Amino acid sequence: MTSRSDTATRPAARAATRSVRIRRQLAALAACGLLAVGCSKAGTAGTASGGSGSGAQAPVKVGLVYSKTGPLAAYGKQYIEGFRAGLDYATKGTGKAGGHRIELTVEDDAGDPAKAVSEAKDLIGKGCTILAGSTSSGVALQVAPVAAQNKVLFISGPAAADKITGLNKYTFRSGRQSYQDILTAASLIGKDAHGSKVTVLAQDSAFGQANVAAVKAVLGKQGATVKAVLAPPSATDLTPFAKQAKSSDPDLLFVAWAGETASALWTSLTQQDVFSSTKVVTGLDLAASYPLFGPAATKISFLSHYFDGAAGTDVERAMADAVTKAGGTPDIFTPDGFTAAQMIVHAVQGAEGSATDTSALAAALEGWSFDGVKGRLTVRAEDHALLQPMFQVKLTGAPSAPKPSVVRTLPADQVAPPVTPMAG
């Protein structure tokens, strides 16, 4: 039997219990307020959707795989110098985009596709949602499918192979492609190519084969007969290939060459007196190669992706100032790195908080037009080609130190490659 006094004390005991519980809840809420980022809605910790938590400021991990060493190391040096200058320019010196710090990891592929693929997979495993680089076309064509399989944004650099365009929805490019080179070369012919004989002298590589295909697609369709002379990339004695090029007796010899054997090639062509019998068109390479043309320099018609001072834009001056201040010298592929950084920063900003959502990153780039080093650039939405101006150039001055100058700037629409259906 319960006493009257016990009955009277129960409400007081219950009230005390409620008071303790309320105090504990208030203490927990206070702790949550003080810790802020540690208290989030269920299922949203570490994500941008969790409010102002840590996910909103998480770094964006970018992996850059390029040729620091190997046969294309000179190009790689230009690319990385341009990238660092572009990142500083696009982020206004903060190293951040959309509130996210850009966390960069750099790897050397040495121009080896297998090594590049291994490094790309390792970077993806470490949380990189964006990959950039690819000095070599062979590398880019192997890395791009890996990026697509892992749903990672990939921005290829100087690699010029046309097959990179439209390869998959995650792959973009920050440089030009072979088709744009060939359209520039076609503008140098000065007449319809119908009935002309054209020989392509190139290395038997992804880059060389892409040039052969592009020449056939452009000049072949105009009625020219196109032949190819392809040399193994490892070849050092290039006289046999210079002889083959001359014996084909072309009206136009288009030379597509890259790497350390350029000097040997131009020496061989001079020795075979090719310049006296045919019109020679080639792409202007890095500045160190200009003296390699020797006395033949004034006899060659050059197409140019870029040389220091070619564009005369405000962005070019900003790039040149930054690269020079850092101890470098702007050159043919410096804009490719600079542009890649601009694209990455814009993608992160345009994704509007979804910095790890690669579909959102890609969507932010598609159709984007912006002021780049070379002028107005556009990422074509249909296949991710980078539409850009190109240049006709001549070399003048002493053969030991010739200087480039722009003969004509071709607007982006005049050298735009045909749209490639998106493959994947």
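Summary of values
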read-out: Beta bridges by DSSP in the chain, antiparallel share as percent, to the nearest 5; value: 30 percent
read-out: For peptides 106-112, 136-142, 406-412, 334-340, sequence by mean Cβ density within 10 Å, most packed first; value: 334-340, 136-142, 106-112, 406-412
read-out: Helix-only CD estimate at 222 nm, as mean residue ellipticity for the chain, using -39500 (n - 2.57) per DSSP H run (n ≥ 4); value: -11500 deg cm²/dmol
read-out: Order by protection proxy (mean Cβ within 10 Å, highest first), peptides 197-204, 415-422; value: 197-204, 415-422
read-out: Listed values (i) 35, 26, 21; (ii) 58, 20, 18; (iii) 56, 28, 19, entry calculated as semi-axes √(5λ) of the Cα gyration tensor in Å; value: (ii)
read-out: Candidate lysines for bridging to K227, where Cα separation is under 17 Å - those fewer than 8 sequence places away on the same chain excluded; value: K197, K216, K243, K246, K279
read-out: Estimated FRET transfer efficiency (D321, K197; beta-carbon r; R0 51 Å; 0.05); value: 0.65
read-out: Reachable lysines, given that their alpha-carbon falls under 24 Å from the alpha-carbon of K126 and they are not under 8 places away in the same chain; value: K61, K68, K96, K115, K151, K169
read-out: Modelled FRET efficiency - R0 51 Å, E103 with K221, Cβ distances, 0.05 increments; value: 0.65
read-out: The stretch 305-424: relative contact order as a whole-number percent, Cα under 8 Å and 6+ apart; value: 20 percent
read-out: Net dipole in debye of the chain [+1 Lys, Arg Cβ; -1 Asp, Glu Cβ; about Cα centre; nearest 20]; value: 1820 debye
read-out: Added length on full extension, which subtracts the Cα-Cα distance from 0.36 nm per residue, S400 to S359; value: 9.7 nm
read-out: Summed side-chain charge close to G95 - residues other than G95 whose Cβ falls under 15 Å, Lys, Arg +1, Asp, Glu -1; value: +3
read-out: Using a Förster distance of 22 Å, the FRET efficiency for S234-A423 (Cβ separation, nearest 0.05); value: 0.10
read-out: Between 0 and 90°, nearest 10: helix 314-325 axis offset from the chain longest Cα axis; value: 90 degrees
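Throughout, read-outs are computed from the coordinates displayed, never taken from laboratory work. Predicted model, so just to flag it, every value in this text is computed and none were measured. A quick note on method: Cβ atoms are made from the backbone with ideal geometry, for glycine too, and the neighbour counts reach across all protein chains shown.
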